[in-house]
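This structure is in structure tokens; I'll ask about it shortly.
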Amino acid sequence: MSDISREELDEIYAFAVELGKQAGQMLKDAAQLRMDGGNRTKEQDEHVQKMNAVDLVTETDEDVEAFIKNRITEKYPAHKFVGEESYSKGSSRDYLIDESPTWCVDPLDGTVNYIHLFPMFCVSIAFIHKNKPLIGVIYAPFINQFFSSCAGRGAFLNETQKLPLIRNPVAPMPEKAPAGCVFSCEWGKDRRDIPDGNMHRKIESFVNMAAELGGRSGRGGMVHGVRSLGSATLDLAYVAMGSFDIWWEGGCWEWDVAAGIAILLEAGGLMTTANPPPDEATCPIPDVKLGSRLYLAIRPAGPSSTETGRQSQERTVREVWRRVRNLDYSRPGA
Ligand code: IPD
């Protein structure tokens, strides 16, 4: 299939929305069963480690992924499917998404949150064509938040509230950004305590963003607040809402971000790489690479008397790059 018509895309969107609702309900029911001490066996409640003690999978992740995959394969047998749990079982870490119509799914993003019943967990479903995430559906059933978008149709919270939330007007990025911004980031799963490893580079970057202006040899960003939801795709949805201004992260995978990227871009956000390029002050802002594992997101922004919204987003990107360290996450084929 080379091109997808408007009509076909709208039909795929309607299907993805229904699928997201059903899968989110499965997550909610599974959590409710755990709370009720219902008929879920101990084995079903147990989680197993993947890469290390914080990289976990539960039976719920696997059940929900199987459900989603079956529904997609029945309805669209020609489409490709990349899901976190099926992918993690294979030995290759190659980037598998190409030009073909592809579903990229995280059945349960925020697995640690789900295990601890911290409510920021969700199902995340993206439809990608020609390497572009065109449709995003994210449902966080414990907090009743359903995010959806389709290219050319807008991005929404609970199907009626258009994103970003504040729209008349959409505010430009603050003049002294990152000062005045809410900065979201994730500690991630690379916990190796090695000098200059990813964990220490992230911490240095977080402190730079938080420190008072003039501190940290001019790198202090004095952001309003630092937040970590524990779900990359929900972080992105919150940037699309405008509740977070900036999200910076390395280490997660395409299923953690694909639906969030679709929603953020449709809402008017900007998405690029976490790692500052060598000519960070002047280079054109590169488009995000879905499989790069390196992400920087800026919320939708409107014009001021001196800048377009895009200019204020790009200014913010460069100010973030000036304060963060390069992260070391590699990826064959991305
Ligand atoms: C994780 C979450 C987390 C991010 C990790 C992801 P999972 O996904 O999105 O916020 O920091 O890199 O792997 O394991 O909960 O699906």
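What do you reckon, is Lys130 surrounded by fewer than 19 Cβ atoms within 10 Å (Cβ to Cβ), within 18 Å of the chain's Cα centre (by Cα) and touching a residue at least 24 places away in the same chain (Cβ under 8 Å)? Lay out the reasoning, then the answer.
Values: surrounded by fewer than 19 Cβ atoms within 10 Å (Cβ to Cβ): yes; within 18 Å of the chain's Cα centre (by Cα): no; touching a residue at least 24 places away in the same chain (Cβ under 8 Å): yes.
The answer is no for Lys130.
Now, a different point. Given the criteria within 16 Å of the ligand (Cβ to nearest atom), in a helix (DSSP H, G or I), at pLDDT 95 or above and crowded, with 23+ Cβ neighbours inside 10 Å, does Thr316 qualify?
On the way: within 16 Å of the ligand (Cβ to nearest atom): no; in a helix (DSSP H, G or I): yes; at pLDDT 95 or above: yes; crowded, with 23+ Cβ neighbours inside 10 Å: yes.
Judged against the criteria, Thr316 is not a match.
Looking only at helices (runs of 4 or more DSSP H) that lie completely in segment 149-242, which have at least 1 residues being under 21 Å from Gly24 (Cβ atoms)?
Details: elements: 198-210, 215-218, 232-241.
Ranges flagged: 232-241.
Of the residues Ile97, Ile72, only one is more than 16 Å from the ligand (Cβ to nearest atom) and at pLDDT 95 or above; which?
Numbers: Ile97 fails: at pLDDT 95 or above.
The conditions single out Ile72.
Listed here are the residues, each with its yes/no results for (1) more than 10 Å from the chain's Cα centre (by Cα); (2) of a type outside the set (Phe, Trp, Tyr).
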site	(1), (2)
Met241	yes, yes
Phe244	yes, no
Trp247	no, no
Glu254	no, yes
Ile261	no, yes
Leu265	yes, yes
Leu270	yes, yes
Asn275	yes, yes
Asp279	yes, yes
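Among the polar types (S, T, N, Q), farther than 30 Å from Leu163 by Cβ, away from the ligand (no atom under 13 Å from the Cβ) and not assigned by the TED database to the domain that holds Leu108 - does that describe any residue in segment 200-212? Can you show your working first?
Narrowing segment 200-212 to residues among the polar types (S, T, N, Q): 205, 208.
Imposing the further condition that a residue be farther than 30 Å from Leu163 by Cβ reduces the set to none.
Scanning segment 200-212 turns up no residue that is among the polar types (S, T, N, Q), farther than 30 Å from Leu163 by Cβ, away from the ligand (no atom under 13 Å from the Cβ) and not assigned by the TED database to the domain that holds Leu108.
Among Pro286, Pro300, which is more than 29 Å from Ile115 (Cβ to Cβ), surrounded by 15 or more Cβ atoms within 10 Å (Cβ to Cβ) and of a type outside the set (Val, Ile, Thr)?
Working: Pro286 fails: surrounded by 15 or more Cβ atoms within 10 Å (Cβ to Cβ).
Just a single option satisfies the conditions, and that option is Pro300.
Within segment 95-118, work out how many residues are out of contact with any Gly (no Cβ under 9 Å at 6 or more places or on another chain), within 14 Å of Leu229 (Cα to Cα) and assigned to a loop (DSSP other than H, G, I, E, B).
Here the count works out to 1.
Pick from segment 243-261 the residues that are within 7 Å of the ligand (Cβ to nearest atom) and not in a strand (DSSP E or B): which of them is surrounded by the most Cβ atoms within 10 Å (Cβ to Cβ)? Step through it out loud before you land on a result.
First, pick out the residues of segment 243-261 that are within 7 Å of the ligand (Cβ to nearest atom): 249, 251-253, 256.
Next cut, not in a strand (DSSP E or B) only: 251-253, 256.
On the way: Gly251: 21, Cys252: 22, Trp253: 21, Asp256: 24.
Step by step, filter segment 243-261, then rank; the result is Asp256.
The values are calculated or read from the model by the stated rules, or taken from the named source; none is laboratory data. Remember, it's a predicted structure, so these values are computed and weren't measured experimentally. All Cβ positions, glycine included, derive from the backbone under ideal geometry; neighbour counts span all protein chains shown.
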